[in-house]
């Protein structure tokens with residue numbers, strides 16, 4: 001008993017005509033007869049009453065028809081789901097970002113991505129955010145979460161995920177309320193040793 005045999009049986013149970021079913025489902029009448037006989041052997045009982053003028057379902061045939069309709073319906077559903085799975089994008093996506101970005105921005109991104117592309121495996125590596133752009137440029141990763149700087153490489157596409165303010169932190173006793181109060185000649189400024197934040201501040205000073 002297989003799906004094709006059940007399809008032929010279901011059509012014959014509806015048409016009650018061997019030649020009509022054979023023509024509709026592209027098999028010879030003799031092939032259809034052999035398949036029905038094999039089904040009857042598997043079931044151990046007659047499924048149709050045949051004579052020279054008509055074909056009629058037996059009680060056993062009616063029971064098998066209900067089973068056949070349920071089975072073919074489930075098969076169509078599973079087949080469609082398998083085809084949808086096959087159509088989905090599959091593979092591996094390599095991503096680079098800082099540890100901070102992996103906690104602040106990545107969870108929301110991955111939740112949405114996983115929902116849309118469940119067959120894609122994410123390979124994540126973390127490190128210095130100053131390397132984010134170069135990692136993509138050197139094709140070490142497919143994408144990265146990076147800080148946009150004035151000298152951001154034109155060869156790369158940048159899609160904004162959000163804005164992170166650059167803050168000036170000073171002791172309370174300086175009583176600063178706006179940047180114009182700062183005499184930059186009298187104050188030392190602590191900056192990152194390297195990376196995009198330092199470049200942004202240098203650009204701002206310039």
Scan of the stretch 129-141 for residues that are in a loop (DSSP other than H, G, I, E, B) and either without any contact (Cβ under 8 Å) to a residue 24 or more places away in the chain or surrounded by 15 or more Cβ atoms within 10 Å (Cβ to Cβ) (or both), ordered by number:
138, 139, 141
The one condition in (1) exposed (fewer than 11 other Cβ atoms within 10 Å of the Cβ); (2) more than 30 Å from residue 139 (Cα to Cα) that residue 91 fails to fulfil:
(2)
Go through (1) within 25 Å of residue 92 (Cα to Cα); (2) surrounded by 10 or more Cβ atoms within 10 Å (Cβ to Cβ); (3) out of contact with any helix residue (DSSP H, G or I) (no Cβ under 6 Å at 6 or more places or on another chain) for residue 147 and report which single condition fails.
(3)
Looking at the stretch 46-61, which of its residues are loosely packed, with under 14 Cβ neighbours inside 10 Å and modelled with pLDDT of 95 or more?
59
Consider residue 179 carefully, then state whether it is within 24 Å of residue 130 (Cβ to Cβ) and without any contact (Cβ under 8 Å) to a residue 24 or more places away in the chain.
no
Residue within the stretch 102-120 that is at pLDDT below 90, assigned to a strand (DSSP E or B) and not assigned by TED's automatic domain parsing to the domain that holds residue 11 present
yes
Evaluate the following for residue 187: is it closer than 18 Å to residue 201 by Cα and at pLDDT below 85?
yes
Yes or no: residue 70 in the same structural domain as residue 139 (by TED's automatic domain parsing) and more than 30 Å from residue 197 (Cβ to Cβ)?
no
Please verify whether the stretch 18-26 includes one or more residues that are touching a strand residue (DSSP E or B) at 6+ places or on another chain (Cβ under 9 Å) and modelled with pLDDT under 95.
yes
Strands (runs of 3 or more DSSP E) wholly inside the stretch 1-101 that include at least 2 residues being more than 30 Å from residue 145 (Cβ to Cβ)
48-50, 55-57
Taking residue 90 as the residue in question, decide whether it is farther than 30 Å from residue 195 by Cβ and touching a strand residue (DSSP E or B) at 6+ places or on another chain (Cβ under 7 Å).
yes
Matching residues, the stretch 17-61, being on the phi > 0 side of the Ramachandran plot and over 45 Å from the mean Cα position of the chain (by Cα):
44
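The values are calculated or read from the model by the stated rules, or taken from the named source; none is laboratory data. A quick note: this is a predicted structure, and the numbers were derived from the prediction, not measured. Cβ atoms come from the backbone with ideal geometry, glycine included; neighbour counts cover every protein chain shown.
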